[in-house]
Amino acid sequence: GAGVSQSPSNKVTEKGKDVELRCDPISGHTALYWYRQRLGQGLEFLIYFQGNSAPDKSGLPSDRFSAERTGESVSTLTIQRTQQEDSAVYLCASSLALGGYEQYFGPGTRLTVT
Amino acid sequence: GDSVTQMEGPVTLSEEAFLTINCTYTATGYPSLFWYVQYPGEGLQLLLKATKADDKGSNKGFEATYRKETTSFHLEKGSVQVSDSAVYFCALSKETSGSRLTFGEGTQLTVNP
C-alpha cells in the first residue's frame, strides 16, 4: 500500500521567502509527526498532531514555523521569512494512533535556503 | 529533558564481523526504546523496538535489550553484511509526550567486503 509521501522532495528558496511543505500520511493513521534533520545533526522533533489537533508545539524553533492538518489527512508545515539556519531535511511520520505504535516515515523534503 | 546518546561514528567493519553500537538514554518515567535505520537513498525505517525493561527487540539478525539498570539499549549483530551499511538511530518515546521520538545523533556503519 501507499506509504507516507512528502512534497516537494527538494526546495531551494531565497532567504526571507515563505515555504510550505506537505505531508500525506498513510490512510487511517490518526497521529502525524514532523521532525527536522540538519546537516551533521540528529533528528529533532517539531510538532505532532492527533487528528487535526496539535497538543504540543514546543518543538517549533520559532514563531516563523507553523503547521496545520486537515482532519486526519494532509498536513502542511509553513516556514515564514526563511533563514539559512532553516536549511535541513524535514521529515514527516504517521502512526496508527498515539501510544507507542510504529511511526512510518516519509522520504523527506530537503530545504535549502540561499 | 529526555535525551539519547549514541556512540560516535563512523564505524567501519569487515563482512562477518561482530557489531555493537552503544546507546544510552536519560528519561523520566517509562520510555519505549527503538532502533531506526536509514539505508542509502531510502527513508527512515524501524529496525526493532522494546517497550519495557528486560525486553529484547530483534529483527534481521539485529538485537537490542532494554536495560533499565544501566539505561542502555545497545544494538548488536553477530555477523554483519555489506547490505547492513546504513545510518542507525537510537530513539525513545513516551506516551506522556505524545509518543514523539527523541533521537540520538545517528551512527554511520560501513561494512566492507
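Give me the residue from the stretch B:57-108 that is surrounded by fewer than 17 Cβ atoms within 10 Å (Cβ to Cβ), in contact with a strand residue (DSSP E or B) (Cβ under 9 Å, 6 or more places away or on another chain) and within 14 Å of another protein chain (Cβ to nearest Cβ) and, out of that set, nearest to B:Q6 (Cα to Cα).
B:Q108
Determine the pairs where a residue that is within 7 Å of chain B (Cβ to nearest Cβ) and free of Cβ contacts under 8 Å to residues at least 24 places away in the same chain, located within the stretch A:96-114, has a partner that is charged (D, E, K, R) and surrounded by 17 or more Cβ atoms within 10 Å (Cβ to Cβ) with Cβ atoms under 8 Å apart, the partner being 6 or more residues away or on another chain.
If the second residue must be charged (D, E, K, R) and surrounded by 17 or more Cβ atoms within 10 Å (Cβ to Cβ), the pairs left are A:E102/B:K49.
Here are A:S27, A:S53, A:S7: which of them is hydroxyl-bearing (S, T, Y) and either within 24 Å of B:F89 (Cβ to Cβ) or surrounded by 12 or more Cβ atoms within 10 Å (Cβ to Cβ) (or both)?
Only one candidate passes the filter, namely A:S7.
Name, by its number, the condition in (1) part of a strand (DSSP E or B); (2) surrounded by 13 or more Cβ atoms within 10 Å (Cβ to Cβ) that does not hold for B:A17.
(1)
Name every residue in the stretch A:61-85 that is touching a residue at least 60 places away in the same chain (Cβ under 8 Å), in contact with a Lys or Arg (Cβ under 8 Å, 6 or more places away or on another chain) and within 18 Å of A:S7 (Cβ to Cβ), in order of residue number.
If the condition is that a residue be touching a residue at least 60 places away in the same chain (Cβ under 8 Å), in contact with a Lys or Arg (Cβ under 8 Å, 6 or more places away or on another chain) and within 18 Å of A:S7 (Cβ to Cβ), then A:I79, A:T82 are the ones that fit.
With B:Q45, B:Q6 as the choices, which residue is in contact (Cβ under 8 Å) with a residue 24 or more places away in the chain and not β-branched (V, I, T)?
Unique residue meeting the criteria: B:Q6.
Just checking, which of B:T20, B:T28 is among the β-branched types (V, I, T), within 10 Å of the chain's Cα centre (by Cα) and within 17 Å of B:V4 (Cα to Cα)?
Of B:T20, B:T28, the one residue that is among the β-branched types (V, I, T), within 10 Å of the chain's Cα centre (by Cα) and within 17 Å of B:V4 (Cα to Cα) is B:T20.
If we scan the stretch A:86-97, do we find a residue that is of a type in the set (G, A, S) and over 20 Å from B:S99 (Cα atoms)?
yes
Pairs only if they're at least six apart or on different chains, beta carbon under 9 angstrom, first in the stretch A:1-29 and on the phi > 0 side of the Ramachandran plot, second surrounded by 13 or more Cβ atoms within 10 Å (Cβ to Cβ) and polar (S, T, N, Q); list them, first residue then second.
A:G16/A:T82; A:G16/A:Q83
Looking at (1) more than 9 Å from every other protein chain (Cβ to nearest Cβ); (2) free of Cβ contacts under 8 Å to residues at least 12 places away in the same chain; (3) in a strand (DSSP E or B), which one does A:S58 not meet, given that it meets all the others?
(3)
Among the candidates A:G71, A:G28, A:G1, A:G40, single out the residue that is at pLDDT below 95 and within 14 Å of chain B (Cβ to nearest Cβ).
Just one listed residue meets the conditions, A:G40.
If A:W34 meets every condition in (1) facing chain B (nearest Cβ under 9 Å); (2) of a type outside the set (K, R); (3) touching a Cys at 6+ places or on another chain (Cβ under 7 Å) apart from one, which number is that one?
All conditions pass for A:W34, except number (1).
The values are calculated or read from the model by the stated rules, or taken from the named source; none is laboratory data. Because the structure is predicted, anything quoted here is derived from the model rather than measured. Cβ: placed from backbone, ideal geometry, glycine included. Neighbour counts: every protein chain shown.
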